[in-house]
């Protein structure tokens, strides 16, 4: 593994014509109205952009981990300075989807205990990286391409959704040795875990269903129908304090109540093109970026499950899958531009 460093300069011209403003050194000032996102270009991005999917914010070191697809890198962004550390050496391969050829590679990041797990579509691997030193640890090769990754603390396992073969692979969190697998009648998409109750949540995207799975028996204990429509449900977020489950539909977010048979108790319209969202419990704020609508919405989750919009920010076509730092700064994947958009906090 080779680690290189580059600094995201604040006055660089934005990729793809997206506006930038000077990036401050330190905390980002909050905004109360529409904000112009800043742009952090990703090393190795080409004019064709980068396939970006699951990114993650790591609070311990105030970093955003960005698996950067066909560049063969995972870019680790300091959330305070916007300095980028690029971890090289990830496998890539060319694939054809919907008549177009694209390079794929690392595509998912998930937090563990002192490590960050990286899923790679280039070689169907999952590897652990020390979150402090960025050193590579254990790796595993799956039978199918990994999609989402979730660490389950209750069982010291890593659960990996593999929708192409309609399954979830379960790995030992330390060695990444295969432990078990669960097969479904549809394609698992999205992930969240209720550690206290030992429940793993996922969606079946092609069935428009949300499932609750016992993390020890691997049995599906509940099946709910969020009525997201033909494109099905996408991401998931679990609010442990209130026992509420947020389900991402293609153009809105719903709050489900697991204690009342998955009843829908809140909705928030965002715009078309939603996938994964993020939530910071201490702020009671969620961030959802709609790629087709080129809109980011910051929402507030009430104790009763109600969802209300706090701010709407224009982004860029295709920008999606946002994460939020503890100070409210947001980071959004802009794959078309090969960059991460940085949006100031909302008061």
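Throughout, read-outs are computed from the coordinates displayed, never taken from laboratory work. All values derive from a computational prediction rather than experimental measurement. Because the Cβ atoms are built from the backbone with ideal geometry, glycine has one as well, and the counts that use them run over all protein chains shown.
Below are the figures for this structure:
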{"read-out": "Taking the C-alpha atoms of region 49-129, convex hull volume expressed per residue in Å³", "value": "83"}
{"read-out": "Over the chain, volume per residue of the alpha carbon convex hull, in Å³", "value": "120"}
{"read-out": "Chain lengthening between residue 196 and residue 172 when straightened (0.36 nm per residue, less Cα-Cα)", "value": "6.7 nm"}
{"read-out": "Chain lengthening between residue 267 and residue 207 when straightened (0.36 nm per residue, less Cα-Cα)", "value": "19.6 nm"}
{"read-out": "Pair residue 36, residue 223: separation of 7 Å Cα→Cβ label points (nm)", "value": "5.2"}
{"read-out": "Linear extension gain, residue 241 paired with residue 93, 0.36 nm per residue minus alpha-carbon span", "value": "49.1 nm"}
{"read-out": "Overall form of region 229-300 per C-alpha gyration tensor (a/c, 1.5; a/b vs b/c)", "value": "oblate"}
{"read-out": "Equivalent ellipsoid dimensions for region 116-261 as semi-axes, Å, which come from the Cα gyration tensor, largest first", "value": "25, 17, 14"}
{"read-out": "Label point 7 Å beyond Cα of residue 133 along Cβ direction - residues of region 87-117 with amide nitrogen under 16 Å", "value": "114-116"}
